[in-house]
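Read through the structure below, which is laid out as structure tokens, and then see the notes.
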Amino acid sequence: MASGCADETGPTEGTSWRLIGPAAGLSEKRCRLMRSSLGRGSDVCLFYVKGEFFAMDARCAHSGGPLCEGDIEEADGVLRVFCPWHYYDFDLRTGKSGTSLQQKVHEVKLEDGNVYVKHASCLSLQPVDEKS
Ligand code: FES
């Protein structure tokens with residue numbers, strides 16, 4: 001699948017749109033972990049919820065919990081992911097939490113059936129886990 005580096009033709013450094021892959025395939029899972037070339041601390045979750053993609057840093061702003069494994073709930077029209085470690089919540093769109101924490105979110109766009117995420121590094125998808 002795509003490297004997340006604009007098909008190898010775009011910049012590999014600096015914030016830019018990173019091609020992730022075809023939306024049709026990416027929408028088959030609720031969350032995918034994308035590895036950052038900057039290291040684990042910059043990995044990103046790509047969520048697909050209610051027909052929309054959202055991207056946010058994969059490690060919880062509290063103590064680094066795996067947000068891709070968190071439950072997602074909707075309340076008052078706001079979609080939130082709940083960190084599986086201490087159950088802090090983060091708005092998928094803004095990254096704001098009911099606590100004072102702020103999770104970093106990244107812009108997502110769809111173009112010609114492909115998903116792009118704006119990020120400072122190359123992003124590569126984890127191998128697809130057929131069981132989930
Ligand atoms: Fe996520 Fe504590 S690590 S709530």
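The values are calculated or read from the model by the stated rules, or taken from the named source; none is laboratory data. This one's a predicted model, so the numbers in the text were calculated from it and none came from an experiment. Note: ideal-geometry Cβ built from the backbone for every residue, glycine included; neighbour counts use all protein chains shown.
Summary table
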read-out	value
Residue 61 in a loop (DSSP other than H, G, I, E, B) and at pLDDT 95 or above	yes
Sole exception among (1) away from the ligand (no atom under 12 Å from the Cβ); (2) in contact (Cβ under 8 Å) with a residue 24 or more places away in the chain; (3) more than 21 Å from residue 15 (Cβ to Cβ) for residue 100, by number	(2)
Residue pairs meeting the criteria (Cβ under 9 Å; at least 6 apart or on separate chains; first on the phi > 0 side of the Ramachandran plot, in segment 33-60; second in a loop (DSSP other than H, G, I, E, B) and surrounded by 21 or more Cβ atoms within 10 Å (Cβ to Cβ))	39/121
Residues of segment 100-119 that turn out to be outside any strand (DSSP E or B) and at pLDDT 95 or above, as a count	6
Matching residues in segment 72-83 - criterion: being in a strand (DSSP E or B) and away from the ligand (no atom under 12 Å from the Cβ)	72, 73, 74, 75, 78, 79, 80
Elements of type strands (runs of 3 or more DSSP E) in segment 11-58, at least 3 residues being buried (at least 19 other Cβ atoms within 10 Å of the Cβ) and within 12 Å of the chain's Cα centre (by Cα)	31-36, 44-49, 52-57
In segment 84-95, residue farthest from the ligand (Cβ to nearest atom) [restricted to those that are crowded, with 18+ Cβ neighbours inside 10 Å and aromatic (Phe, Trp, Tyr)]	90
